[in-house]
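Worksheet for the structure shown next.
The values are calculated or read from the model by the stated rules, or taken from the named source; none is laboratory data. This is a predicted model, so every value here is computed, not measured. Cβ placement follows ideal geometry from the backbone for every residue including glycine, while neighbour counts extend to all protein chains displayed.
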Amino acid sequence: MAKRVKSIPTPSQDGYLTKELLGKYIRARRTQEGLKMHDVAMLCGISIATLTNIEKAEANVRIDSILKVAKMLGVKIEIAPWDDK
């Protein structure tokens, strides 16, 4: 029998976005959708190692790989306007 993906809760954000927090958001979304790492990597055209590095914020990952995964999972990344004072 295939292993089920255990859903984890969406993390909270109390400040600036970090690579660790972004990885947690991506992992939470993936597990909430019941998707295995292999499935997401295949759909995004990246390796499982790259997806692991994104989720665990362990190594440098190309921004286009991060954006592909975020878009595929529906994780919206926004830039807030700043004051020009």
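Values for this structure:
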| item | result |
| --- | --- |
| Number of positions in region 72-85 that are part of a loop (DSSP other than H, G, I, E, B) and free of Cβ contacts under 8 Å to residues at least 40 places away in the same chain | 9 |
| Residue list for region 1-29, filter: of a type in the set (Gly, Ala, Ser) and at pLDDT 95 or above | Ser7, Gly23, Ala28 |
| Elements of type helices (runs of 4 or more DSSP H) in region 14-71, at least 2 residues being farther than 26 Å from Lys3 by Cβ | 19-32 |
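Condition check ((1) more than 13 Å from the chain's Cα centre (by Cα); (2) surrounded by 13 or more Cβ atoms within 10 Å (Cβ to Cβ)) across all residues:
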| residue | (1), (2) |
| --- | --- |
| Leu21 | no, yes |
| Arg30 | no, yes |
| Gly34 | yes, no |
| Ala41 | no, yes |
| Gly45 | yes, no |
| Ala57 | no, yes |
| Asp64 | no, no |
